[in-house]
Amino acid sequence: MRDFLLLRATLLLLLASAAWFLQPFGLERPLAAGVGVALCGLILFFEHRIREITLKRIMGAAAGSLLGIIGAFLISLVLEKALAGDRSALPFIELSILLWMTYCGLVVGAHKGDMLNLSALGGIFGGEISTKQQFKILDTSVIIDGRIADIVETGFLDGVLVIPQFVLRELQLVADSADSMKRNRGRRGLDILQKIQKNPDLQVRIVEDDFPQTREVDMKLIELAKLYNCSVVTNDFNLNKVATLHGVQVLNINELANALKPVVLPGEMMKVFIIKEGKESNQGVAYLDDGTMVVVDNAKKLISKTIEITVTSVLQTTAGKMIFGRFDDRIHVAEKPAERAASH
């Protein structure tokens, strides 16, 4: 860091000194030195902005600018012959075309630069591809959900978390909603983002890329994932399906939660707390700590009690896992006399 500060100070001193002695535009020396300082400020601002741009975009911008300059030169050759009679306006036209072609080449090259395959140019650029693939784009639903903050703290998500500007705008709209429930959800999402950004071991990047021709936020996320060749982190079932159809990798928080739920097999014994009646006759319903629903036969009269059941089957659905069990009162009736005999 000190080396960079020294380089910047040296640049400032050199530009100010050069302007002082050379006096550009016939300016007085103090004013000329001020112009040198201002020029140094512009260069440092450009340096700050260019550090956030990927190598692909820099190379694309350079190639686009070069093509624009070549195109402008060829056009100027044609104009010199076409306007041989009247050359008064030729310098201005040539300069305008040069600036126009260079600017267009710079913008188009930078925008399309992410399509370059730098790995084909040799191993020196190999890190660019791997870095891109480590990007993970967060969608609005997973931010509001909040579990992403706990997951990143465990260190299971590596790479860079990318938050698109259009997702931030959507969160802001939800946070400013007249509906109190939506407003609370939006504010929760903004709080989660602040919590994630405060994690010192995590890189969070806000990107300005947008797709004005695409109106739906979900499709914007898919297009952005294609552009950066990375995955989308979500808990939205529909986005998961659509992104998969488009060939975009999806990290679904709900699927992760389902995968981490305890595995139970038919015939195993487990203790549950019956909370309410089930839909079918003589059924009771319990929930495990992770939210898994347990439907228990012969447990309708055992509400607000902890009982031991035998697992009969496990059903995996898109919404999660359901466990079916049976309470055998004959076993418990036989156990109670044995417990009394043991106590005597």
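The values are calculated or read from the model by the stated rules, or taken from the named source; none is laboratory data. Predicted model, so just to flag it, every value in this text is computed and none were measured. A quick note on method: Cβ atoms are made from the backbone with ideal geometry, for glycine too, and the neighbour counts reach across all protein chains shown.
Filtering segment 275-292 to residues that are surrounded by fewer than 17 Cβ atoms within 10 Å (Cβ to Cβ) and among the aliphatic types (A, V, I, L, M) leaves Ile275, Leu288.
What number of residues within segment 235-257 are surrounded by fewer than 18 Cβ atoms within 10 Å (Cβ to Cβ) and in a helix (DSSP H, G or I)? Looking only at that region, the number is 9. Looking at Val232, is it at pLDDT 90 or above and under 30 Å from Gly189 (Cα atoms)? Here the answer is yes, as Val232 does meet what is asked. Across segment 238-249, not a single residue is classified as assigned by TED's automatic domain parsing to the domain that holds Asp150, in contact (Cβ under 8 Å) with a residue 60 or more places away in the chain and small (Gly, Ala, Ser).
Do we have any residue at all in segment 219-234 that's within 30 Å of Gly291 (Cα to Cα) and surrounded by fewer than 18 Cβ atoms within 10 Å (Cβ to Cβ)? I'd like the intermediate steps shown before the answer.
Within segment 219-234, the subset within 30 Å of Gly291 (Cα to Cα) is 221, 231-234.
Next cut, surrounded by fewer than 18 Cβ atoms within 10 Å (Cβ to Cβ) only: none.
No, every residue in segment 219-234 fails to be within 30 Å of Gly291 (Cα to Cα) and surrounded by fewer than 18 Cβ atoms within 10 Å (Cβ to Cβ).
Using the structure shown, decide if Val232 is part of a loop (DSSP other than H, G, I, E, B), in contact with a helix residue (DSSP H, G or I) (Cβ under 9 Å, 6 or more places away or on another chain), under 23 Å from Glu170 (Cα atoms) and not basic (Lys, Arg). It is false that Val232 is part of a loop (DSSP other than H, G, I, E, B), in contact with a helix residue (DSSP H, G or I) (Cβ under 9 Å, 6 or more places away or on another chain), under 23 Å from Glu170 (Cα atoms) and not basic (Lys, Arg).
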